[in-house]
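The block underneath contains the structure these notes are about, expressed in structure tokens.
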Amino acid sequence: MIPALRRAYNAAYSDEKYRAYQRQLAAEAGCEIPFRLAETPVFLPPDLRDAMVRAALQLFEQLSKPANLLRSLDAVPPEFDVPDCDPLPLFAQADFAVARERGRIVPRLIELQAFPSLYAFQLYQTRALCEMTPDSERLRFLLSDLDGEGYRRVVGEAILDGLPPQHVVLMDIDPPTQKTYPDFTMSEQLWGIPSVSPTDVEKHGRELWYRRNGKPTRILRIYNRVIFDELAARNLTLPFDYREPLDVAWAGHPNWYFRWSKHSLPMLRHETVPEAHLLSDFDRAPSDLEDWVLKPLFSFAGSGVKVDVTAA
């Protein structure tokens, strides 16, 4: 979206550079990257970048109002309701598409989520993309005037909350099989936190423990990456119950995965938010179904999204 940068990048691009970029990220992650890597970054002009940041902050402010926080409690399925939820989420991000409106490029919200994203991987990836970009020293990819070290520090403070890294774990189901595993290995490089499956945890009273190099180690804080949809689909037997009181803190309380999500879209009033309704709000199908998109409330990675909706 910055023509001069786009022309320069395209002119310098080659398949070999792309393959080198893939190899570099795989080497830094210590594993293969199991998803497609975009061949190019997006070059956002400052006014569009600032519009996205401004919109995201305004949307989060709306969701933080007491009435909306109260309504968000209804989003949590009882079978996944974890005790001791924080008053506000620790992590949140908004996903924007861009649209052309009266000759201007403007952001339009796709969805938002109070759940961790690929915070480690995106730092490594963007650095690698900058190496492929001519004159990249004048480009910025972090907000709030942060550099790479500042970003590592700020995110690390949120995840660790002052605790020794060996007592903080990144938790997901069978981590090496997850498509997000490169982010897990890079998180360990940046912040020293191991990735642990909930199936490998040991419960002693209200305490959770894991084996670190064979040694029993207490878990004091969980950087939660478990998606309960997947947990339910796999029908796993865990050594602990998320719904029972536990002597652990959460770096991202699991309930926020539901509370700020696609479930939130109908309550938002903002120029960047397309009209959204819960399906249960309709007593009959809209006449212009071709203009609607049907999304499951809590699915992930785009699963279950229906673009070409037709009447039953």
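The values are calculated or read from the model by the stated rules, or taken from the named source; none is laboratory data. Predicted model only: the values in this text are computed from it and were never measured. Note: ideal-geometry Cβ built from the backbone for every residue, glycine included; neighbour counts use all protein chains shown.
Scanning segment 25-43 for residues that are over 14 Å from residue 133 (Cα atoms) and buried (at least 17 other Cβ atoms within 10 Å of the Cβ) yields 25, 28, 29, 33. Whether a residue is surrounded by 14 or more Cβ atoms within 10 Å (Cβ to Cβ) and in contact (Cβ under 8 Å) with a residue 12 or more places away in the chain was assessed, and residue 73 does not pass this test. When residues in segment 110-121 are screened for being surrounded by fewer than 21 Cβ atoms within 10 Å (Cβ to Cβ) and touching an Asp or Glu at 6+ places or on another chain (Cβ under 8 Å), 3 of them pass. Residues in segment 141-171 that are of a type outside the set (A, V, I, L, M, F, W, C), surrounded by 15 or more Cβ atoms within 10 Å (Cβ to Cβ) and either part of a loop (DSSP other than H, G, I, E, B) or out of contact with any Lys or Arg (no Cβ under 9 Å at 6 or more places or on another chain) (or both): 151, 152, 156, 165.
Would you check if there is a residue in segment 181-197 being closer than 23 Å to residue 244 by Cβ, at pLDDT 95 or above and surrounded by fewer than 21 Cβ atoms within 10 Å (Cβ to Cβ)? Scanning segment 181-197, I find at least one residue that is closer than 23 Å to residue 244 by Cβ, at pLDDT 95 or above and surrounded by fewer than 21 Cβ atoms within 10 Å (Cβ to Cβ), so the answer is yes. The test for being part of a helix (DSSP H, G or I) and either surrounded by fewer than 12 Cβ atoms within 10 Å (Cβ to Cβ) or within 16 Å of the chain's Cα centre (by Cα) (or both) holds for residue 56.
Is there a residue being among the basic types (Lys, Arg) and either touching a Leu at 6+ places or on another chain (Cβ under 9 Å) or farther than 23 Å from residue 91 by Cβ (or both) anywhere in segment 50-59? No, segment 50-59 has no match at all.
Screening segment 88-109 for residues that are charged (D, E, K, R), free of Cβ contacts under 8 Å to residues at least 40 places away in the same chain and assigned to a strand (DSSP E or B) and picking the one that is surrounded by the fewest Cβ atoms within 10 Å (Cβ to Cβ) gives 100. I'm checking my understanding of the structure. Among residues of segment 1-24 that are more than 29 Å from the chain's Cα centre (by Cα) and over 17 Å from residue 128 (Cα atoms), which one is surrounded by the most Cβ atoms within 10 Å (Cβ to Cβ)? Across segment 1-24, the extreme among qualifying residues is 7. Among the numbered conditions (1) under 29 Å from residue 112 (Cα atoms); (2) not in a loop (DSSP other than H, G, I, E, B), the only one that residue 41 does not meet is (2).
The set of residues in segment 252-281 that are outside any helix (DSSP H, G or I), closer than 11 Å to residue 89 by Cβ and among the hydrophobic types (A, V, I, L, M, F, W, C) contains only 260.
Which ones in segment 198-227 are touching a strand residue (DSSP E or B) at 6+ places or on another chain (Cβ under 9 Å), in a loop (DSSP other than H, G, I, E, B) and closer than 17 Å to residue 247 by Cα? Passing the criteria: 201, 220.
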